[in-house]
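This report concerns only the one structure given below.
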Amino acid sequence: MSHDRSSGMDASYSDPGQDDISETSIARRERRVRRDFWEKFRRVAGRIPFADDLVASYYCAMDPSTPLRVRGTLLGALAYFILPIDAVPDVIAGFGFTDDAAVLAAAISLVSQHITQTHRVAAAKALGKEPPEADDSSA
């Protein structure tokens, strides 16, 4: 299923049902997420309880050392966050970000081992928070 202007969907986004993780597709999503993520985030940051995970996911997706499939998964979730058309409109108080949170939580659960301490520290700095303590699970 392709999206066109008549459907109200932005044609630069892939159909979520497609398994399109080509480098071209990921590069297209990455450009869109880089362009639109911070603007949308600034508009809604005070209303979303999952800001730390969202921004850490952003840094993981933008990290060239992150595996292609992981980047594709996270970029898909981040693209959903910035999409102007939403399953549950973001303006609905108390419910508007539940679908965004669910999509992000699903993506993170699939790729959580790739969201590193470096990504979480970058997220904390971007959010003006203290960096998280290093995970000392090897002790």
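Checked across region 17-26, the condition of being surrounded by 13 or more Cβ atoms within 10 Å (Cβ to Cβ), modelled with pLDDT under 80 and in contact with a helix residue (DSSP H, G or I) (Cβ under 9 Å, 6 or more places away or on another chain) holds for at least one residue.
In region 111-130, what residues are of a type in the set (A, V, I, L, M, F, W, C) and without any contact (Cβ under 8 Å) to a residue 24 or more places away in the chain?
The initial filter retains those residues of region 111-130 that are of a type in the set (A, V, I, L, M, F, W, C), namely 111, 115, 121-124, 126-127.
Scanning region 111-130 gives a single hit, 121.
Return a yes/no flag: does region 56-66 have any residue that is modelled with pLDDT of 90 or more and loosely packed, with under 15 Cβ neighbours inside 10 Å.
So in region 56-66, the residues modelled with pLDDT of 90 or more come out as 56-66.
Now restrict to residues that are loosely packed, with under 15 Cβ neighbours inside 10 Å: 64-65.
Yes, region 56-66 has at least one match.
Cβ-Cβ distances below 6 Å connect the following pairs, each with a first residue in region 49-64 that is of a type in the set (Val, Ile, Thr), a second residue that is crowded, with 20+ Cβ neighbours inside 10 Å and assigned to a helix (DSSP H, G or I), and a separation of six or more residues or different chains: 55/123.
The values are calculated or read from the model by the stated rules, or taken from the named source; none is laboratory data. Since the model is a prediction, treat every value here as computed from it, not as a measurement. A quick note on method: Cβ atoms are made from the backbone with ideal geometry, for glycine too, and the neighbour counts reach across all protein chains shown.
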